[in-house]
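What follows is one structure encoded as structure tokens, with my remarks underneath.
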Amino acid sequence: MNVKWGSLAIACLAQLLLAIDLTVLHLALPKLTTDLNPTVTEQLWIGDMYGFALAGLLITMGNLGDRIGRKKLLLIGSVAFGVASAITAYAPSAELLIAARALLGIAGATIMPSTLSIIRNVFTDPAERTMAVGIWGGMGAAGFALGPIVGGLLLNSFWWGSVFLINLPVMALVLVGGALVLPESRNPDPAAIDLASAVLSIVGVVAAVYTLKSWVIDGFTANVAVSAALTVAGLGLFGWRQTRLAVPLVDLRLFRHRAFSGAVGANLFAIFGMIALNLIFAQYMQYVLGWTPLQAGLASLPGGLAGAVGGALAAPLVMRWGRNTVVALGLLGSAASFAVYSQADATTTFGYLLIGMVIGGLGVGFTFAVTNDTILAAVPKERAGAAAALSETAFELGGSLGIAVLGSILAGAYRDNLVVPAGLPPQVADSLGGALAVAGQVPPAVITAAKLAFVEALQLTALTTSVMLAVLALAAFRALRGVPKVIGEDVLAHA
């Protein structure tokens, strides 16, 4: 097998599985809750622990891969991911499940930057690298869409742990194929990883994700204020320390180049809308349109497939139009999709939603392919792991920020639009899901009013996101203007 394309296949397979794993748990939570009877707090940790561990360790693991070898780290992570998946599937208690989810996040943090940095080192031709990164990004988009479908199919016939056991054969393929096909690559002159920087990055990023998630659920409480202060302190000290190290974990000087900072920013805000959209529309399809989880998952598949197509098309379009134009078109496509969604209501047909899904999926594919390739090209290939980790961290923070900001807009607009009599159960005012949970205790007119309020809130949220992405498209067009269509070795770092 050709080493380059074989390596890409292994990287894409790992990326696909990680993307599926990010969304597959949502459908398993009801059955899981029935079997393990976790407390409300334990339910939150079951859902969040994976993301906390993953986001917090990406920067450290990306640098570790540069030091010990990306292939080695990917194979170690694959074994750990398989073991953690088995433990998660058969966890007899909520406490062990939370611990297993933490191990899954740690293993995921070793795999994510390794796949992208391997591509950076294997594909030495810049044009081929752009195409490979586009395909890799497209597999991630497809994985997000496949997660609910895989979960729905398995949960129709098996227990909740089956959604994690599916990881085992895929990780076995990654492990065997990686051992046989992947070439080893590492920084030939690595510096020791600064432990203080590693700790500060973990504290700062985990605190940031916790702050954003908790804010949207509980509002600005004392706990949120403390975690926000910890975020500022952790990331502030991390940034200060990087400027004083000869070989920092993250070279902050790269952010002086508008092409690099523009690519990171576009990456962050593109996922900002996509992650929030997945969660909001899962509620819309099930609560308002009355679809089953499996129907909602299948309905979302065209968007993921369009994202995969967009990632594959990005490279030839860059050669024709340039990086700034393709990224701007991608963000405008995402903005257009949200404009379509802003007109959705309780009578909307799937054909209408399909228009937005396809346009938005293509846009996300365009954006991620070009921004990830631009970020990777900003550093020498010896530091590819660090660059890949920075890109993935922006992805995680963007998703959390989207859920916090857009989730807050949705919740606030729902409460403002809800007009019902006083004296009803408090769940009615909290969310549409809460209202449906107590449907037997309230008049049917209240549920109708709750659905209408949710639809109006969805329309406002989608329109707000559309305007934001349109503005970002103009900013990205300017920031990436002048960046070469074909980026050679370290061109941005020396620009």
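The values are calculated or read from the model by the stated rules, or taken from the named source; none is laboratory data. Not measured: the values here are computed from a predicted model. Virtual Cβ from ideal backbone geometry, glycine too; neighbours counted across all protein chains shown. These area figures cover heavy atoms from the full protein model, side chains too; ligands, DNA and RNA do not enter into them. Shrake-Rupley method; radii C 1.70, N 1.55, O 1.52, S 1.80 Å.
Could you sort out which of Lys71/Lys485; Lys31/Lys213; Lys213/Lys381; Lys213/Lys485 sit more than 31 Å apart by Cα distance in this structure?
Lys213/Lys381; Lys213/Lys485
What does the charge add up to near Phe164, with Lys and Arg as +1, Asp and Glu as -1, over the other residues with Cβ less than 13 Å from its Cβ?
+1
Using the Cα atoms of region 1-122, I'd like the radius of gyration and the largest Cα-Cα distance, Dmax, both in angstrom.
Expressed in Å, the Cα Rg and Dmax of region 1-122 come to 15.6, 51.
Tell me the accessible surface of Asp416 in square angstrom (1.4 angstrom probe, heavy atoms of protein chains only), to the nearest ten.
Rounded to the nearest 10, the figure is 130 Å².
Would you mind computing Rg(Cα) / (2.2 N^0.38 Å) for region 339-495, counting N as its residues?
Taking the Cα Rg and dividing by 2.2 N^0.38 Å, one obtains 1.43.
Does region 188-330 come out rounded, prolate or oblate, given a ≥ b ≥ c as the square roots of the eigenvalues of its C-alpha gyration tensor, rounded meaning a/c under 1.5 and, failing that, prolate meaning a/b above b/c?
oblate
Compute the orientation-averaged projected area for region 132-213 from the convex hull of its Cα atoms and round it to one decimal in nm².
Average of the hull's projected areas for region 132-213 equals 9.3 nm².
From the phi of every residue in region 457-465, what ³J(HN,Hα) in whole Hz does the Karplus formula 6.51 cos²θ - 1.76 cosθ + 1.60 yield, where θ is phi - 60° and glycine or proline is x?
With coefficients 6.51, -1.76 and 1.60, one gets 5, 4, 4, 5, 4, 5, 5, 4, 5 Hz.
Just need the relative contact order of region 314-434 here, percent rounded to a whole number, with Cα pairs under 8 Å and 6+ apart.
Averaging sequence separation for qualifying contacts and normalising by length gives 21 percent for region 314-434.
So what's the chain giving for Cα Rg divided by 2.2 N^0.38 Å, two decimals?
So the Cα radius of gyration is 0.94 times the expected 2.2 N^0.38 Å.
What's the angle, to the nearest 10 degrees (0 to 90), between helix 384-417's Cα axis and the longest principal axis of the chain?
Helix 384-417 and the main axis of the chain meet at about 20 degrees.
For region 377-441, state which GluC sites (Glu not before Pro) are in a DSSP loop and have at most 15 other beta carbons lying within 10 Å of their beta carbon.
none
Using only alpha-carbon positions, what ratio does the radius of gyration of region 391-457 give when scaled by 2.2 N^0.38 Å?
Against the compact-globule rule of thumb, the ratio is 1.36.
For region 189-250, which chymotrypsin sites (Phe, Trp or Tyr not before Pro) pass both filters: DSSP loop (anything but H, G, I, E, B) and at most 14 other C-beta atoms within 10 Å?
Qualifying residues, ordered by number: Phe220.
Note the angle between two axes, namely the Cα long axis of helix 167-181 and the longest principal axis of the Cα atoms of the chain, as a number of degrees from 0 to 90, rounded to the nearest 10.
Approximately 10 degrees, to the nearest ten.
Using helices alone, what [θ] at 222 nm do you get for the chain, with -39,500 (n - 2.57) per DSSP H run of 4 or more residues, divided over all residues and rounded to the nearest 500?
Taken over the chain, the calculation gives -27500 deg cm²/dmol.
For region 204-285, take the alpha-carbon Rg, divide it by the Kirkwood Rh, and send me Rg/Rh.
Here the Rg-to-Rh quotient is 1.07.
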